[in-house]
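Single-structure report; data block below.
The values are calculated or read from the model by the stated rules, or taken from the named source; none is laboratory data. Keep in mind that what you see is a predicted model, and the values were worked out from it rather than measured. FYI the Cβ positions are ideal-geometry reconstructions off the backbone, even for glycines, and counts take in every protein chain you see. Heavy atoms of the whole protein, side chains included, go into the accessibility calculation; ligands, DNA and RNA do not. Shrake-Rupley method; radii C 1.70, N 1.55, O 1.52, S 1.80 Å.
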Amino acid sequence: MSFPETRMRRLRRSESLRALVRETALDPGDLIYPLFICPGEGVRHAIGSMPGVFNLSVDEAVREAEEAAGLGIGGLLLFGLPESKDEQGTGAWDDNGIVQQGLRALKQSAAAKKLVLIADVCLCEYTSHGHCGMIVEGRNGLEVDNDSSIDLLGRAAASLARAGADIVAPSDMMDGRVAAIRRALDGDGSTDIPILSYASKFASAFYGPFREAADSAPQFGDRKTYQMDGANIREAMREIDLDLAEGADMILMKPAMPYLDVVRAARERVDVPVGAYQVSGEYSMLQAAFEKGWLDRDRAMLESLLGIRRAGADFIVTYFAKDAAKVL
Ligand code: PBG
């Protein structure tokens, strides 16, 4: 049957009808809110390129987490700005490191500990050179060394789990890091801590504002020798297969909006939970349009998140988590 017997508009006549036939739902519990924890007390340092996002000292991070918990948000993704950086990124696996301190404080708060606390595992915020691994003199000059880096990532993951992380999330894109992290966790008594691997993470211009927020811009070169080329979806599927074979419990796709086809392909390929990260640049470009009055804030924000859910993401890491939860 077709027009005039069939009329698609019949099911769009009222909000209650539209709600009845709506295929995709957005729930605050599906949203993960990133926090950037910095040293000090009472610090709320605004990030210029990310309106509404702050570097927060541990005490302020706990307050922010309690608000997020009150809004029904599912979890937090924690990043750290250490007191000082060095060649090896020792702050990443220091049991007294900034995220470790944050985790312990969050676990003391009845409200905050209801959130799933996800610790990002990477070295770039902790290394003086800003790369996600160790730098060595290679055939073509300075290179990011894979195999020495994954040992350090394992140490970082074990330390974060000891401090109270519910999930560890490696975002470095070294080969073999999921297996190395699993070994390190299991060898340290953290057999029950899941790994959420950023399985396919593309070398993206959309991470620009994050690097201001996390003070993690590479001091030379770029991340293209470890993060993926934006043109490749088949390669993304291989990355996912390898991470699952190494023991990843869930995967995260990143960025989201320019890579929704990759999110969809991942969803159809695997049965583990799939998340997507609406990264800093996606957030900042929408915020810029809101500030100019060019887009309707609430509607564009929710539409951007709904699109990511519709593409197949079970959960979304987003800087809009609090704002979206308020609207929902
Ligand atoms: C660390 C890391 C980055 C992001 C998440 N983890 C930055 C990068 O790879 O340069 C980006 C997140 C965002 O842009 O919001 N490796």
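Of note:
- Structural descriptor for the stretch 25-327: relative contact order 19 percent, calculated from alpha carbon pairs under 8 angstrom and at least 6 residues apart.
- Subset of K107/K224; K114/K254; K292/K326; K85/K326 violating a 31 Å alpha-carbon distance limit: K107/K224; K85/K326
- Across the stretch 114-119, coupling constants 3J(HN,Hα) worked out from phi with the 6.51/-1.76/1.60 Karplus curve, θ = phi - 60°, read 6, 6, 6, 9, 9, 9 Hz, and Gly and Pro carry x.
- DSSP beta bridges in the stretch 25-327 [antiparallel fraction, %, rounded to 5]: 20
- Residue range of the chain that is longest and free of trypsin sites (Lys or Arg not before Pro) which are both DSSP loop and sparsely packed (at most 14 other C-beta within 10 Å): 23-138
- Annotation: average projected area of the stretch 18-168 is 11.9 square nanometres, based on the convex hull of Cα atoms across all directions.
- Projecting the Cα positions of S200, L306, Q227 onto the charge dipole of the stretch 25-327 (unit charges on Cβ atoms of Lys, Arg, Asp and Glu, taken about the Cα centre) puts L306 furthest along the positive direction.
- Note on E87 and D59: with the Förster distance fixed at 45 Å, the Cβ-Cβ geometry gives a FRET efficiency of about 0.90.
- The simple spin-label model puts a point 7 Å past each Cα toward its Cβ; for E291 and L142 those points are separated by 3.2 nm.
- Residues in the chain average 45 Å² of solvent-accessible surface per residue, probe 1.4 Å, ligands and nucleic acids excluded.
- Taking GluC sites (Glu not before Pro) as exposed when DSSP calls them loop and at most 16 other C-beta atoms lie within 10 angstrom, the chain has its longest site-free stretch at 88-328.
- For the chain, the fraction of alpha-carbon pairs in successive 20 Å shells from zero, as %: 32, 58, 10, 1
- The share of accessible area on the chain that comes from carbon and sulfur is 49 percent, using a 1.4 angstrom probe.
- Peptide ranges 94-103, 49-58 listed from the most packed, as the mean C-beta count within 10 angstrom indicates: 94-103, 49-58
- Here the chain is treated with +1 on each Lys and Arg Cβ and -1 on each Asp and Glu Cβ, and its dipole about the Cα centre works out to around 1600 debye.
- Most positive-pole-ward Cα, A236, V262, G176, against dipole of the chain from beta carbon charges: V262
- Among T90, T127, T191, the order of accessible area from largest down is T191, T90, T127, computed with a 1.4 Å probe on protein heavy atoms.
- Net length gained if the chain between D241 and R269 were fully extended (0.36 nm per residue, minus Cα distance): 9.2 nm
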